[in-house]
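**Student:** Here it is, the structure, as structure tokens.
The values are calculated or read from the model by the stated rules, or taken from the named source; none is laboratory data. No experiment lies behind these values; they were computed from the predicted model shown. Note that each Cβ is placed from the backbone with ideal geometry, even for glycine, and that neighbours are counted across all protein chains shown.
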């Protein structure tokens, strides 16, 4: 009520425009926070779903390379491809000292015009 | 200061206040309702991807543990929409984990994915009383493709067969396609390589 006391000459004791604006601002910031929480949770769910699908693709790629290693048809180099909205690619390079094959798998996808990516690295004997 | 006659609220003031309050409540209700609808959608998608992951992981484990019964009959039967084979499964008896052999099959019954698992002595009995168990509902399609090494050509593996008979041994790999159709349609694909296949 300090706001009212500052203007004692005023006849009208109702809400001033300033008070109304403050009240609306407080209310809308409260609602905004709640709505923000909803959209954040839906975004988190979308991210985890995409990550899960990307990991499935990575597992597939890894199993395929393991299979090639087992059949001794592994070759150094890289390969790229696309499955649904996921761009996958891998690079195989043999380490000169240990003779291990270093395998890098990258999976990238677009979510809301931004690029998300997972990268995995492993060594094959 | 002028003294007002009526110090209480007039009916009009009350009506206006109530209307504004109702408007605010309505806004809050609408936003919460939208939130709840969104939550339901998300929950359904999460349940779908979780069961897809669980199913694919289960099939992966069974296939990678599978073995051929004999040279001329591997007991591996692959069809476009169902699959059955012999495998090793972990069996929990009491507090011990034992690996036991089993006959496992996956197929759709309506929109339900059924997994049959006949352990030990029951494994080779065609007329067994053991029934398939439901893994998940809401599945529209389950299909398999079988990978093998062609006798000619340099390709290490091709996936142009949609059925596989037991006398051909084990396939090199199995490509699985799983389509869920609850309220949202979602497709999951995995290729599983059988390290034990010749």
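**Student:** State which residue is surrounded by the most Cβ atoms within 10 Å (Cβ to Cβ) when the search covers only the stretch B:183-195 and only residues that are farther than 16 Å from residue A:68 by Cβ and within 14 Å of chain A (Cβ to nearest Cβ).
**Tutor:** B:190
**Student:** Let me ask something additional. Which one is surrounded by the fewest Cβ atoms within 10 Å (Cβ to Cβ) among residues in the stretch A:67-85 that are in a helix (DSSP H, G or I) and facing another protein chain (nearest Cβ under 7 Å)?
**Tutor:** A:70
**Student:** Does the stretch A:15-34 contain at least one residue that is within 30 Å of residue B:50 (Cα to Cα) and either part of a loop (DSSP other than H, G, I, E, B) or at pLDDT below 85 (or both)?
**Tutor:** Within the stretch A:15-34, one or more residues are within 30 Å of residue B:50 (Cα to Cα) and either part of a loop (DSSP other than H, G, I, E, B) or at pLDDT below 85 (or both).
**Student:** Go through (1) surrounded by 18 or more Cβ atoms within 10 Å (Cβ to Cβ); (2) modelled with pLDDT under 85; (3) more than 11 Å from residue B:63 (Cα to Cα) one by one and return the number of the condition residue B:155 breaks.
**Tutor:** Result: residue B:155 fails condition (1) only.
**Student:** Conditions first: (1) under 19 Å from the mean Cα position of the chain (by Cα); (2) more than 9 Å from chain A (Cβ to nearest Cβ); (3) in contact (Cβ under 8 Å) with a residue 60 or more places away in the chain. Residue B:84 passes all but one, so which condition is the exception?
**Tutor:** It is condition (3) that residue B:84 fails.
**Student:** Residue B:52 fails exactly one of the following numbered conditions: (1) within 20 Å of the chain's Cα centre (by Cα); (2) within 19 Å of residue B:190 (Cα to Cα); (3) more than 14 Å from chain A (Cβ to nearest Cβ). What is the number of that condition?
**Tutor:** (3)
**Student:** Looking at the stretch A:110-121, which of its residues are farther than 18 Å from residue A:42 by Cα and surrounded by 13 or more Cβ atoms within 10 Å (Cβ to Cβ)?
**Tutor:** A:118, A:120
**Student:** Would you mind stating whether residue B:149 is modelled with pLDDT under 90, more than 30 Å from residue A:73 (Cβ to Cβ) and within 14 Å of another protein chain (Cβ to nearest Cβ)?
**Tutor:** Criteria not met by residue B:149.
**Student:** Which of the following residues is more than 22 Å from residue B:56 (Cβ to Cβ) and modelled with pLDDT of 85 or more: B:99, B:165, B:198?
**Tutor:** That would be B:165, the only listed residue that is more than 22 Å from residue B:56 (Cβ to Cβ) and modelled with pLDDT of 85 or more.
**Student:** Please determine whether any residue of the stretch A:88-99 is surrounded by 13 or more Cβ atoms within 10 Å (Cβ to Cβ), touching a residue at least 24 places away in the same chain (Cβ under 8 Å) and assigned to a loop (DSSP other than H, G, I, E, B).
**Tutor:** Looking for residues that are surrounded by 13 or more Cβ atoms within 10 Å (Cβ to Cβ), touching a residue at least 24 places away in the same chain (Cβ under 8 Å) and assigned to a loop (DSSP other than H, G, I, E, B), one finds none in the stretch A:88-99, hence no.
**Student:** Let me ask something else about it. In contact (Cβ under 8 Å) with a residue 12 or more places away in the chain, within 14 Å of chain A (Cβ to nearest Cβ), under 22 Å from residue B:46 (Cα atoms) and assigned to a strand (DSSP E or B): which single residue out of B:180, B:159 fits that description?
**Tutor:** B:180
Listed here are the residues, each with its yes/no results for (1) out of contact with any helix residue (DSSP H, G or I) (no Cβ under 6 Å at 6 or more places or on another chain); (2) in a loop (DSSP other than H, G, I, E, B); (3) without any contact (Cβ under 8 Å) to a residue 24 or more places away in the chain.
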residue	(1), (2), (3)
B:89	yes, no, no
B:92	yes, no, yes
B:100	no, no, yes
B:106	yes, no, no
B:125	yes, yes, yes
B:131	yes, yes, yes
B:140	yes, no, no
B:143	yes, no, no
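**Student:** Being under 30 Å from residue B:180 (Cβ atoms), in contact with a strand residue (DSSP E or B) (Cβ under 9 Å, 6 or more places away or on another chain) and surrounded by fewer than 15 Cβ atoms within 10 Å (Cβ to Cβ) narrows it down to one of B:82, B:62, B:111, so name that one.
**Tutor:** B:111
**Student:** Moving on. What are the residues in the stretch B:166-177 that are within 19 Å of residue B:57 (Cα to Cα) and either more than 11 Å from every other protein chain (Cβ to nearest Cβ) or touching a residue at least 40 places away in the same chain (Cβ under 8 Å) (or both), if any?
**Tutor:** B:171, B:174, B:176, B:177
Conditions (1) within 12 Å of chain B (Cβ to nearest Cβ); (2) touching a strand residue (DSSP E or B) at 6+ places or on another chain (Cβ under 9 Å), marked per residue:
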position	(1), (2)
A:28	yes, no
A:31	yes, no
A:38	yes, no
A:56	yes, yes
A:63	yes, yes
A:98	no, yes
A:104	no, yes
A:110	no, yes
